[in-house]
Amino acid sequence: MRAIKFLVLFVGYCSAQSVVAQKGLYKDTLNPDPFLNTVAQSLHFFYADYAGTTVSDSIIKALNYEPEAVPEFSDEMYCERLNEMNNRSPFGFDCNNITLNSIRFFAKNRRSFVKIVLGRSALYFDLFEEKLSEYGLPLELKYLACIESGLRPQVKSRAGALGLWQFMYRTGLYYGLEETSYLDERMDPIKATDAACRFLKKLYGIYGDWNLALAAYNAGPGTINRALQRSGNQRSYWAIRPYLPSETQGYVPTFIAAAYLMTYHQEHNLMPAPAKIHNAQLDTMCLKRGLSMGTISAHLNWDLQEIKDLNPIYKTEFIPASEKQRCVTGPLDRILLLVAMEDSLFQLDNPSTFQGPENSINSLESNPLLAEDSIVGTEVFHKVKPSETLNSIAEKYKVTTAQILEWNALQTENLYEGQRLVLKKINTVQPVVPENPTPKPAPKPKKYHTVKSGDTMSKIAAKYHLSLAQLKKLNPGKGNIIQVGDKIRIK
């Protein structure tokens, strides 16, 4: 109850701050209703992430609501930085009174939102950049999801748009995003990002201008076409802006402000809010049959809420069977266990279907991989305990803090209770080789997949029932970017 009361007061405080902000010096250039809905939901989800943990009582401090320095800069400095962004991008990051007003408003009155999005970017920006690169699109489009959803797949607009990229139901269906009683692919980070890339590429093909393409993403091509006609067929967003709906008039300036502050956040004293997990710590595997998240949680020592948060595509706690294999995303150590125990978990979920002389429950319960600190392959996994620090863990495992930061793609030394860290296995005992070793059998022939148009490492891994980590281990040195004709080792 205490957490609920705090949340009510917290959301009320945020709403009051929003009202005060709109009476301040800098006006919000975006129609407030839809965007404030995104802001409010982002703050709500951020609090929910930490409710019941050791940091929930310091949520206000985490968001830096207490008085702090808010740097101010001259128009010339803002324009110089926007010009630098222009030199690195095909976007038109125009410096004018409208964009300057929007940047100043965000830098002063939306600081908590920017910090939360900065923290969430660790989970999604790698995925966005991989997909954008696959479609040959500017990487700066990743900032679009920041203003659409605050990087929260569960955010839903009052009009019914849903997911990281805020697809309406009909638009989602057009781009292949399925919805059933069990799932909604608009909330699937990978599928929705792929659909958004195809939609944005189509819009740019129509208008040949990224600002117009962004406006069409917000209002629809029909609205943009009517504005073009009313402006005398001028081909500039700024020329047709007076003929657009008020929300779309603020959409591009808000995108420019978000891109600017995500790029120059340090100069504005904006540090990322705590992030529970980073994209580099995740892996994915696809299931052969339907399975309950509760069974996965109970037998893999994996928090149920984390399973749900990392797999927002599913409406319930059941992952359904389907002709399309349904996948599970999670921390590398949990996915490795899921790969190893998949069949046993199916038996636990549906004991009546089990056939065999032994019940696998006992073997599951006693499996050493389920321990708090476990060893999988050549790696050690450590679960952070209360009062542990990066230094104490490094000392325990005889490694350096720099190594732990690198192996876990951590950007800060701050840890939280229950966090799982990958630690390389050190000083492994080498096996004794007999004087007359038994001749080794001839190695099995390797098998390869030839990359076709539309292939990604994730798709190839799913096709051959491998995790992404397993596929990358078979192809050392091969990153996420692949080209048609490449040979990818699959066995």
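Can you find even one residue in the range 164-172 that is in contact (Cβ under 8 Å) with a residue 40 or more places away in the chain and either within 19 Å of Ala275 (Cα to Cα) or assigned to a loop (DSSP other than H, G, I, E, B) (or both)? Within the range 164-172, one or more residues are in contact (Cβ under 8 Å) with a residue 40 or more places away in the chain and either within 19 Å of Ala275 (Cα to Cα) or assigned to a loop (DSSP other than H, G, I, E, B) (or both).
Collect the residues in the range 81-138 that are touching a His at 6+ places or on another chain (Cβ under 7 Å) and farther than 16 Å from Phe255 by Cα, keeping them in residue-number order. Passing the criteria: Ala122, Leu123. For first residues located in the range 218-231 and of a type in the set (A, V, I, L, M, F, W, C), partners that are in a helix (DSSP H, G or I) and surrounded by 16 or more Cβ atoms within 10 Å (Cβ to Cβ) and lie 6+ apart or on another chain with Cβ distances below 6 Å form the pairs Ala219/Thr248; Ile224/Ala215; Ile224/Ala216; Ala227/Ile240; Ala227/Tyr243; Leu228/Ile240. Against the definition (under 15 Å from the mean Cα position of the chain (by Cα) and either surrounded by 15 or more Cβ atoms within 10 Å (Cβ to Cβ) or basic (Lys, Arg) (or both)), how does Ala196 come out, yes or no? So Ala196 passes the test. Answer with yes or no whether Asn269 is farther than 30 Å from Leu421 by Cβ, out of contact with any Leu (no Cβ under 9 Å at 6 or more places or on another chain), in a loop (DSSP other than H, G, I, E, B) and not β-branched (Val, Ile, Thr). Answer is no for this residue. Only one entry of Gly330, Gly290 meets the criterion of being touching a Phe, Trp or Tyr at 6+ places or on another chain (Cβ under 8 Å), at pLDDT 90 or above, under 20 Å from Arg420 (Cβ atoms) and not polar (S, T, N, Q), and that entry is Gly330.
None of Lys491, Lys452, Lys473 is among the basic types (Lys, Arg), loosely packed, with under 13 Cβ neighbours inside 10 Å and not in a loop (DSSP other than H, G, I, E, B) except Lys473. Ser181 meets the stated requirement of being surrounded by fewer than 22 Cβ atoms within 10 Å (Cβ to Cβ) and under 20 Å from Gly163 (Cα atoms).
Remark: Ala280 matches the filter, which requires a residue to be of a type in the set (Gly, Ala, Ser) and either surrounded by 19 or more Cβ atoms within 10 Å (Cβ to Cβ) or within 23 Å of the chain's Cα centre (by Cα) (or both). Restricted to the range 107-136, and to residues there that are hydrophobic (A, V, I, L, M, F, W, C) and touching a Ser or Thr at 6+ places or on another chain (Cβ under 8 Å), the residue that is nearest to Ala195 (Cα to Cα) is Phe128. Of the residues making up the range 143-163, those that are closer than 21 Å to Met262 by Cβ and assigned to a loop (DSSP other than H, G, I, E, B) are Gly150, Leu151, Arg152, Pro153, Val155, Gly163.
Of all the criteria given as (1) over 17 Å from Asn211 (Cβ atoms); (2) surrounded by fewer than 21 Cβ atoms within 10 Å (Cβ to Cβ); (3) more than 13 Å from the chain's Cα centre (by Cα), the one not satisfied by Ala107 is (2). The requirement of being touching a Leu at 6+ places or on another chain (Cβ under 7 Å), hydrophobic (A, V, I, L, M, F, W, C) and assigned to a helix (DSSP H, G or I) is satisfied by Leu132.
The values are calculated or read from the model by the stated rules, or taken from the named source; none is laboratory data. On a predicted model such as this, the values are computed, not experimentally measured, just so you know. Virtual Cβ from ideal backbone geometry, glycine too; neighbours counted across all protein chains shown.
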